[in-house]
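What follows is a short report on a single structure.
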Amino acid sequence: MIPPVTTAGALEEDAYRLIRALINGDFTPDSKLSIRGVCAALSLSPMPVRAALRRLVNERALDAKPSGTAVVPRMTQREFSELTAMRLQLEPLALMLGAPHLKPAQFERLDAFVAQHEAARLASDPTGVRQADTGFLFEIYRSSGSALLLSFIESLWLRRSPMFWEARWALLGSSLGRAPHRHKEIMDALRQGQPDLARDFLVEEIRMAGEFLLEAMRFRDATD
């Protein structure tokens, strides 16, 4: 029998969820999260924040300093390459599992995300681009019905998001170049009942963005 979640446990879970959202937001590698600063930002007491930060350190979403401050890690090139390789396996799998279960209302949302992405890109709005990108892909991935697969993908995105956010201006400038965006092609292929083609477009998008960032980003030296 699973024991009920205590108030302390619920507070820790809230802190964990909110800190994950922060990391997935406007944080870049090397950003510092002190317990005091997180408590002030989230209006929480130190105990659940400390426990939540410890969980994120254990998940390698954060690094812990002797002072107690948590730091968003800067990956090595090898770590980033490994992350991209895992994305290339898991995200196309989620698309293939989710494709048969997409409903008409979801295609309408996918259309809206594509339009939002294009408008945000033309307006040089990285926050809008990020929201549209996340919304589009996870609309498809959630249709897979696999909570375990989704949790793996979310963990990878938790590691990737700070790197992508730091490179947001470079990525915006490359949208029509070496890191092309393939959401419209993915959506059209899914609508036409061609999940294999949609998967190929997704693979191309992940691979080319990864190759672009390997050259554009500053990585932590592997010997640090």
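The values are calculated or read from the model by the stated rules, or taken from the named source; none is laboratory data. Owing to the predicted nature of the structure, the values given are computational and were not obtained by experimental measurement. Every residue, glycine as well, gets a Cβ built from its backbone with ideal geometry; the counts of neighbours run over all protein chains shown. Side chains are part of the model used for accessible areas, which takes the heavy atoms of the whole protein and leaves out ligands, DNA and RNA. Shrake-Rupley method; radii C 1.70, N 1.55, O 1.52, S 1.80 Å.
Observations on the structure shown:
- Crossing angle, helix 147-166 versus the chain [Cα axis fit, 0-90 degrees, rounded to tens]: 80
- 3J(HN,Hα) along segment 96-110: 5, 6, x, 3, x, 9, 5, 9, x, 5, 6, 5, 5, 5, 4 Hz, from the Karplus curve 6.51 cos²θ - 1.76 cosθ + 1.60 with θ = phi - 60°, whole Hz, x for Gly and Pro.
- For segment 197-213, Karplus couplings with θ = phi - 60° (6.51, -1.76, 1.60), whole Hz, Gly/Pro x: 5, 4, 4, 5, 5, 5, 4, 4, 5, 5, 5, 6, 5, x, 5, 4, 6
- Nearest-20 debye value, the chain charge dipole, Cβ charges on Lys, Arg, Asp, Glu: 560
- Those lysines that a straight Cα-Cα span of less than 27 Å connects to K32, excepting residues fewer than 8 apart in one chain: K65
- Residues of type lysines that K103 reaches as a straight line, Cα spacing below 19 Å, ignoring anything fewer than 8 places off in the same chain: K184
- Segment 11-90, accessible surface, carbon-and-sulfur percent (1.4 angstrom probe): 53
- Accessible surface, the chain, averaged per residue in Å² (probe 1.4 Å): 53
- Highest mean first, the peptides 183-190, 72-79 sorted by other C-beta atoms within 10 Å per residue fall in the order 183-190, 72-79.
- Computed from phi, the 3J(HN,Hα) profile of segment 191-196 under the Karplus parametrisation 6.51, -1.76, 1.60 (θ = phi - 60°) reads 5, 8, x, 10, x, 4 Hz, with x in place of Gly and Pro.
- With N as its number of residues, the chain has a Cα radius of gyration that, divided by 2.2 N^0.38 Å, comes to 1.07.
- Cut-off under 5 Å, modelled amide H: who pairs with R74 long-range: D30
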